[in-house]
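Visitor: Got a structure for you, questions after.
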Amino acid sequence: MSVRVVPAQDAEAVLAALFAAGAQGVHEDDTAFVTHFPPEADVDSIVTAVRRADPGASVTVGRTPETDWSEAWKNLLSVRTVGDLWIAPPWLATDLDPSRTIVVDPGMAFGTGDHSTTRSVVRLMQRLTIRDARVADLGAGSAVLAIAAAKLGARTVTAVELDPDAIANANENVERNGVESIVHVIEGDALLLLPLVAPVDVILANIVSSVHLELLPALADALSADGRAVLSGILSEERGMMHDRLSATGWTIVDEDVEDIWWSATISRR
């Protein structure tokens, strides 16, 4: 059953009531909150709880159509053109040039061309010298960035991923793209593994800002003399903080990319 609520005065109380009633997640649709409950749920008590929390709230209840999500989710993905490369799921890649196409079935791992941070890294990569470079991809997820580096001519790419659920998917994507002789997926902590694959010419890291800050000393030690690191997964509002920290620790921002709410940067050692 779907439940749609337009709060009147107290949106926070409405959210709390929905979660207390058993909602597993709530989607914000303009001024409304939308969530779902199993068909056996006591919808009347849910409506009563919401209206008790916010007496003027408008509540609409309906039956959610039967959907085969094992197939329907595929409609949410598309072919993305990023510079000279395409990023596409397998079912949309048939007619694309394999040499310029990164074919990624995301599975349980993060990393499709549908996320702004992924596209930003791929754009920034294409403004670097990747051909013949030694590359490390930290937090590789689906291995989309590692595969992109291989397609751009990298000599070798080490894709490091901590989440064991992502490893099989990453390896499948590497094989699907025919770059298994270049891209090597390793499960483990980037802080521990990066020194073992150093020196590298390019480091790719699409992860949260707090982890970037923790990794900066390791990045500095692992990069070759003229090496570059591409950092993404950083909110635009965090740019000032990142700029100050990078400057204070001996880094220079040499290139930037912004899409939606996300800021990405290419950095080098001073």
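The values are calculated or read from the model by the stated rules, or taken from the named source; none is laboratory data. As the structure is a computational prediction, the values presented were derived from the model and not from experiment. We place every Cβ from the backbone using ideal geometry, glycine too, and count neighbours over all the protein chains shown.
Visitor: Within region 252-266, how many residues are touching a residue at least 24 places away in the same chain (Cβ under 8 Å), of a type in the set (Ser, Thr, Tyr) and under 14 Å from residue 227 (Cα atoms)?
Guide: The number of residues fulfilling the criteria is 1.
Visitor: Determine which single condition residue 166 fails, assuming it passes every other condition in (1) buried (at least 23 other Cβ atoms within 10 Å of the Cβ); (2) in a helix (DSSP H, G or I); (3) at pLDDT 95 or above.
Guide: Every condition holds for residue 166 apart from (3).
Visitor: Now a separate question. How many of the residues in region 241-267 are surrounded by 15 or more Cβ atoms within 10 Å (Cβ to Cβ), over 16 Å from the mean Cα position of the chain (by Cα) and within 20 Å of residue 126 (Cβ to Cβ)?
Guide: Residues flagged as surrounded by 15 or more Cβ atoms within 10 Å (Cβ to Cβ), over 16 Å from the mean Cα position of the chain (by Cα) and within 20 Å of residue 126 (Cβ to Cβ) within region 241-267 amount to 4.
Visitor: Which of the residues that make up region 23-64 are loosely packed, with under 13 Cβ neighbours inside 10 Å and assigned to a loop (DSSP other than H, G, I, E, B)?
Guide: If the condition is that a residue be loosely packed, with under 13 Cβ neighbours inside 10 Å and assigned to a loop (DSSP other than H, G, I, E, B), then 24, 25, 30, 31, 38, 39, 40, 42, 55, 56, 63, 64 are the ones that fit.
Residues are listed down the side, and each one gets a yes or a no for (1) within 21 Å of the chain's Cα centre (by Cα); (2) more than 23 Å from residue 87 (Cβ to Cβ); (3) among the hydrophobic types (A, V, I, L, M, F, W, C):
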position	(1), (2), (3)
151	yes, no, no
177	yes, no, no
203	yes, no, yes
214	yes, yes, no
226	no, yes, no
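Visitor: Tell me which strands (runs of 3 or more DSSP E) are completely within region 195-261 and hold 3 or more residues being among the acidic types (Asp, Glu), or say none if there are none.
Guide: 251-259
Visitor: Is region 92-115 home to any residue that is crowded, with 16+ Cβ neighbours inside 10 Å, free of Cβ contacts under 8 Å to residues at least 12 places away in the same chain and not in a strand (DSSP E or B)?
Guide: For region 92-115, residues crowded, with 16+ Cβ neighbours inside 10 Å, free of Cβ contacts under 8 Å to residues at least 12 places away in the same chain and not in a strand (DSSP E or B): present.
Visitor: Can residue 204 be described as more than 30 Å from residue 91 (Cβ to Cβ) and either touching a residue at least 24 places away in the same chain (Cβ under 8 Å) or surrounded by fewer than 18 Cβ atoms within 10 Å (Cβ to Cβ) (or both)?
Guide: no
Visitor: Inside region 47-100, can you point out the residues that are of a type in the set (Gly, Ala, Ser), at pLDDT 75 or above and under 29 Å from the mean Cα position of the chain (by Cα)?
Guide: 78, 83, 88, 93, 99
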